[in-house]
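Comments concern the structure below.
Quick note: the coordinates plus some simple rules give every number you see, no bench work behind them. None of these values were measured; they are calculated from a predicted model. No Cβ is skipped: glycine too gets one built from the backbone with ideal geometry, and neighbour counts run over all protein chains shown.
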Amino acid sequence: DGGITQSPKYLFRKEGQNVTLSCEQNLNHDAMYWYRQDPGQGLRLIYYSQIVNDFQKGDIAEGYSVSREKKESFPLTVTSAQKNPTAFYLCASSMDRGGYTFGSGTRLTVV
Amino acid sequence: AQKVTQAQTEISVVEKEDVTLDCVYETRDTTYYLFWYKQPPSGELVFLIRRNSFDEQNEISGRYSWNFQKSTSSFNFTITASQVVDSAVYFCALSDDDNTDKLIFGTGTRLQVFP
């Protein structure tokens, strides 16, 4: 079955550490996105990529980095520069205004 | 500027009641798309509907119906005869970027359906 796989489901980060969240899709979608969700808030766009080897900053890109070396993969790195990284992270993909397909999310906690 | 407002933070109903979730949007574009997503406790967002700005016909899918009114910039979602399984957070979203599929989300409405 086609879909998006995010891993890990839960992730714990120590202060000052970089961590990488994985997102893989087998839907053959061109565009991929990373959103952050905080309690009681909507989804805020971190980064997006419309084609391989190209990506753009979203509304809250500071402290995050991404890469898009393959169509299927769009990993997100939460760097030590992100001062408040505890949140729920959702990856999505889309094609031609058809709406997003979302992954099941990664819950990141700073310990 | 684009914006999606879901003024209802939380709604509680008893099973079999009808419930309407409000969504008001702002955009300067004449071509845009509106979406509704459901987020159950598991966390994954599930696509419910997409509507483009040129199609104002209301849509019904089982117990779900959507009322799109351009005159009031609203895209409301009604669940008829609610069930406990409908308990979730529901998000309305807008896409009006000509070059990308970027979505702008509202803050969501948490629906709790009690037996």
Sort out for me the Cα centre separation of the range B:49-101 from the range A:53-85, rounded to whole Å. 30
What per residue convex hull volume, in Å³, do the alpha-carbon atoms of the protein assembly as shown yield? 127
Just in the range B:1-102: which GluC sites (Glu not before Pro) are loop by DSSP and have at most 16 other Cβ atoms within 10 Å? B:E15, B:E17, B:E56
About its Cα centre, how strong a charge dipole does the range A:1-100 have in debye, to the nearest 20, once Lys and Arg get +1 and Asp and Glu get -1 at the Cβ? 280
Got a sec? How would A:S49, A:S65 order by Cβ neighbour count within 10 Å, fewest to most? A:S65, A:S49
In a Debye calculation with equal point scatterers on the alpha-carbon sites of chain A and no solvent, what is log10 I(q)/I(0) at q = 0.09, 0.10, 0.13, 0.16 Å⁻¹? -0.20, -0.25, -0.43, -0.65
Charges at C-beta only: +1 for Lys and Arg, -1 for Asp and Glu. How large is the resulting dipole of the protein assembly as shown about its Cα centre, in Debye rounded to 20? 600
Out of B:W66, A:S67, B:T20 - ranked by how far each Cα lies towards the positive end of the dipole of the protein assembly as shown, with unit charges on the beta-carbon of charged residues - the top one is A:S67
Where does chain B land on Rg(C-alpha)/(2.2 N^0.38 Å)? 1.04
Just want the ordering: A:D59, A:D30, B:D101, A:D54, from fewest to most Cβ atoms lying within 10 Å of their own Cβ. A:D54, A:D59, A:D30, B:D101
Restricting attention to the range B:15-115, which chymotrypsin sites (Phe, Trp or Tyr not before Pro) occupy a DSSP loop and are surrounded by at most 13 other Cβ atoms within 10 Å? B:F54
Cut-off under 5 Å, modelled amide H: who pairs with B:S53 long-range: B:Y32
Filtering trypsin sites (Lys or Arg not before Pro) in the range A:26-111 by DSSP loop and by at most 10 other Cβ atoms within 10 Å leaves A:K83
Could you check how many percent of all C-alpha pairs in the range A:1-44 are farther apart than 12 Å? 73
What dipole magnitude, in Debye to the nearest 20, does chain B give about its Cα centre under +1 on Lys/Arg Cβ and -1 on Asp/Glu Cβ? 100
How much net charge surrounds B:D29 when only the other residues with a Cβ under 9 Å from the Cβ of B:D29 are counted, with Lys and Arg +1 and Asp and Glu -1? -2
